Structures are given as structure tokens and as C-alpha cells.
Amino acid sequence: MPSLLSRIDYAITLFQAAEYEEAKILFGRLFKLYKRENHIENMKLCLYHLACIAYIQGERQNFYELSSLYQACILNKEDVLQDIEYYMLRGLEGLSFHHYGEAIHAFSYAIALAEKRRLTEHKILSLLYIQKCHLLLGHTELTLKISNELWTTYQEEIQSDTVQFFYYHLNRADTLYALAHLEEMSELLKACETHKDLQAVPQVYAKTLVTRAKFHMAKKKNRLALSALKKAVEIAESREDPILQSEVYELLIENYERRGKPKKALHYAKKRLALHTKMMKAL
């Protein structure tokens, strides 16, 4: 039987390859084994990756629970605040609750620590999340500047990592959409749509569909947009991802209104209201 160390290395490899379901099962099993041995460092490593997978897959409640377990776990260690993964999870919590300023602060702290320890992967991911925060705050010019600097400095790393590849391209595509640079946006989407791992992560596939729908709607190709949105809403609802659901509902409402179908627009308006009410109660 492989050693625990080799198995956790394999789990991390699965995570980096976006094989999230397999990675989740293995990290879950390893966490239980490390808990029996009271091996805090590896328990923490498992919880961090499990929390990241939950966030990526849109499982918000599971993410909060795993993040809380992680924080409880690191309380057993000295100097716990000097931990990159802690600040990255705090940043993801901020993103989930729409506290973008707090998220930027947490990710910035993670970047500072990552630079000291020369952990490029953590730095790039934190920068991508900061870029997303600024985009959601409407800081499109700053978002584009971060995007340009990321590509200039870390092009090779982004292209070789599945998660970073999609985060970078979809963030930039949304930025270009906000700036009405549609042709360059379409080229970025083509890179996502032809990527071999496009459907490995349902949320990534759905987000790609949503971004393509935005492009079609900007070009007034509402039928093509609707086709993409129907696929996206099925994924968003099956995964119970509130952030993704909200974005898809907004676009479906606009699409049906454009096409003169008020009843269908009202149907998704009611779904959006119910979703937002549920999200507010969760807060």
C-alpha cells in the first residue's frame, strides 16, 4: 500500500490537474487517517484543499464548514496568522459574502507571504482573485492592468495550470466585455472552449457558457445566447451555486425581455428573488 506521504502528493497532483472529485475523495480519506495520528500539518493541508475544491465547485456551505475546521486546526500551531493558506481562505470567504475590500486585503497579505517563501502558485491565484474583486467593484481599467501584468510575468505558469488558465482567461474576457472589446473577448473564449479540460469542472464550463452568452447578446444574437444560457442554468442549479445561478438568471431575464417573452422573464425574475432572499438569510 502506498505511504500516506505519497498518497497526499498524489491527491495534490489530482487537485492541480482539476480532477476534483477524485481529489476530494482522497483528501477526505487522508484527513481521517491524519486525524487519528494527530498529524496537524497534514490535516491542515487536506482541509485547505478540500475547502478550495468546495469553493471552486460552488458548494458554499461546505466551503464555510471546511474553512472553519481549517481555522480551528491551525489554532494548535504557533504564529498561525503567518500562514498563506489561512489568508487565501479568508479572501475566498470575503468573495463569497461580497466583502470585496476585505477579500483584497486578505489576498494581498497572502501574496506578501508567498513572495517571501517563493510560492508562485499561491501568488498567482491570489492575484487572480484580487483581479476578480476589482472587476466586481467595477474597476475595469485596474483589472485590465493586473491582467496584463499577470500575463507578462507568469504566462508560462498560467498556461500550464488548468485552474489558473481558466480563471485568467475568463476574468480577462469579462473585463474586455465591460470595456466593449468584443473581438479580443471572443478570442479568449475560443481558447477556453477548445481547452481539453473544459468540462472537467462543471462550474468552469458553465462560466464559459455564460461569458459566451454575454458575447452573443452584445452582438444581438439572442437565440445563440439563450442556447448557452440553458446549458449554464442546468449546471448552476444542479450544483446549487448561488453566485453562478444569480448571474445566469440575470442574463435569462434580459434575454427573454429582448425577445418579447415577459412570462419567461418573470419566471426567472421570481427565481432570482427567491435565491437572493435565501442568500440574505444565510448571511
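Brief remarks on what is shown
- In the range 153-165, the residues that are free of Cβ contacts under 8 Å to residues at least 40 places away in the same chain form Cβ pairs under 9 Å with partners that are of a type in the set (D, E, K, R) and not in a helix (DSSP H, G or I), at six or more places apart or across chains, as follows: Phe165/Asp197.
- The range 171-184: number of residues that are assigned to a helix (DSSP H, G or I) and either touching a residue at least 60 places away in the same chain (Cβ under 8 Å) or under 14 Å from Thr140 (Cα atoms) (or both): 8
- Of all residues in the range 39-52, those satisfying the criterion of being surrounded by 14 or more Cβ atoms within 10 Å (Cβ to Cβ) and part of a helix (DSSP H, G or I) are Ile40, Asn42, Met43, Lys44, Leu45, Cys46, Leu47, Tyr48, His49, Leu50, Ala51, Cys52.
- Screening the range 1-38 for residues that are in contact (Cβ under 8 Å) with a residue 12 or more places away in the chain and assigned to a loop (DSSP other than H, G, I, E, B) and picking the one that is nearest to the chain's Cα centre (by Cα) gives Ala18.
- Of the candidates Ile104, Ile53, the single residue that is within 20 Å of Glu240 (Cα to Cα), at pLDDT 85 or above and in contact with a Phe, Trp or Tyr (Cβ under 9 Å, 6 or more places away or on another chain) is Ile53.
- Count of residues meeting criterion [under 16 Å from the mean Cα position of the chain (by Cα) and surrounded by fewer than 22 Cβ atoms within 10 Å (Cβ to Cβ)] in the range 112-123: 2
- Residue tally, condition over 17 Å from Val248 (Cα atoms) and without any contact (Cβ under 8 Å) to a residue 40 or more places away in the chain, over the range 190-214: 9
- Arg258 modelled with pLDDT of 90 or more and either closer than 18 Å to Tyr177 by Cβ or loosely packed, with under 14 Cβ neighbours inside 10 Å (or both): yes
- Index of the failed condition, Met217 passing every other in (1) over 23 Å from Val163 (Cβ atoms); (2) of a type outside the set (S, T, N, Q); (3) in contact (Cβ under 8 Å) with a residue 40 or more places away in the chain; (4) part of a loop (DSSP other than H, G, I, E, B): (4)
- Residues (part of a helix (DSSP H, G or I) and under 18 Å from the mean Cα position of the chain (by Cα)) located in the range 134-153: His134, Leu135, Leu136, Thr143, Ile146, Ser147, Leu150
The values are calculated or read from the model by the stated rules, or taken from the named source; none is laboratory data. It should be emphasised that the depicted structure is a prediction, and the values quoted were computed from it without experimental measurement. Methodologically, a virtual Cβ is constructed for each residue, glycine included, from the backbone with ideal geometry; neighbour enumeration extends over all protein chains shown.
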